[in-house]
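*Asks:* Sharing a structure below in structure tokens format, with a few things to ask.
The values are calculated or read from the model by the stated rules, or taken from the named source; none is laboratory data. Nothing here was measured: the structure is a model prediction, and the numbers come from that model. With ideal geometry, Cβ positions are generated from the backbone for all residues, glycine too; neighbour counts draw on all protein chains shown. Surface areas here come from the heavy atoms of the whole protein model, side chains and all, with no ligands, DNA or RNA. Shrake-Rupley method; radii C 1.70, N 1.55, O 1.52, S 1.80 Å.
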Amino acid sequence: MSRAGTIDGPRFAMGREVITGALAIRDLPRLAGMGCEAATLQYVVRGSENADGRATLAVEVSGQLRLTCQRCLGALEFPLAATSMLELAGSEIEIDAADDERDRVLASKSMDVAALVEDEVILALPMVPVHASCEAALAHVGRENSSPFAALAGLQESGAGPRGPRRKPNT
């Protein structure tokens, strides 16, 4: 059980209950394993029914995450504000058979709140986190476009290669 506790999903939803709290990154092991850092993430989980009378959970998460920019490998501050409406399903078969755009989660009498929150945070993360403009990327601006292969091309043009100068074959 997580520090956020567990809820009886169907009862929580039909009773229109609300739970709020804050989770530290140590309470979210999958995010921590992905290299995410955060002071705390605030969450609200609200139970309700949708227009079809199905039990639902609204999960809202907000906070500031620190990710790693995949361009410059520097720290990237990511403001998180995610809201999801999850319909509670009675079985995996029901989830698989659904032919609509609703998000569903398997209902149980012991649903881990931290896992629900963590799932929604992971889904809200950018696929490839990058700065709008990186200092590392800007450092290359103004430099001559050179590559390691340009140096090899220069060697080839001069007749020198990795084994020394080329010799003409004896004919």
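*Asks:* Just for region 1-30: of the residues that are aliphatic (A, V, I, L, M) and open to solvent by 50 Å² or more (accessible area, probe 1.4 Å), which one is modelled with the lowest pLDDT?
*Replies:* MET1
*Asks:* Say whether the condition of being in a helix (DSSP H, G or I), hydroxyl-bearing (Ser, Thr, Tyr) and either over 30 Å from GLU37 (Cα atoms) or at pLDDT 95 or above (or both) is met by at least one residue in region 156-167.
*Replies:* Yes, some residue in region 156-167 is in a helix (DSSP H, G or I), hydroxyl-bearing (Ser, Thr, Tyr) and either over 30 Å from GLU37 (Cα atoms) or at pLDDT 95 or above (or both).
*Asks:* Please determine, by comparing only the residues of region 64-94 that are touching a Lys or Arg at 6+ places or on another chain (Cβ under 6 Å) and open to solvent by less than 20 Å² (accessible area, probe 1.4 Å), which one is nearest to LEU116 (Cα to Cα).
*Replies:* In this case the residue turns out to be GLU87.
*Asks:* Looking only at region 31-43, decide whether some residue is modelled with pLDDT under 95, surrounded by 16 or more Cβ atoms within 10 Å (Cβ to Cβ) and in a loop (DSSP other than H, G, I, E, B).
*Replies:* Checking region 31-43: at least one residue is modelled with pLDDT under 95, surrounded by 16 or more Cβ atoms within 10 Å (Cβ to Cβ) and in a loop (DSSP other than H, G, I, E, B).
*Asks:* ALA107: farther than 30 Å from GLU37 by Cβ, open to solvent by less than 40 Å² (accessible area, probe 1.4 Å) and modelled with pLDDT of 95 or more, yes or no?
*Replies:* Considered against the rule, which asks whether it is farther than 30 Å from GLU37 by Cβ, open to solvent by less than 40 Å² (accessible area, probe 1.4 Å) and modelled with pLDDT of 95 or more, ALA107 comes out as yes.
*Asks:* Oh, and also: Is it true that VAL61 is open to solvent by less than 60 Å² (accessible area, probe 1.4 Å), closer than 29 Å to PRO129 by Cβ, in a helix (DSSP H, G or I) and β-branched (Val, Ile, Thr)?
*Replies:* When the stated conditions are applied, VAL61 does not pass them.
*Asks:* Could you please give the count of residues in region 77-101 that are within 22 Å of ASP8 (Cβ to Cβ) and touching a residue at least 24 places away in the same chain (Cβ under 8 Å)?
*Replies:* Qualifying residue count for the region: 5.
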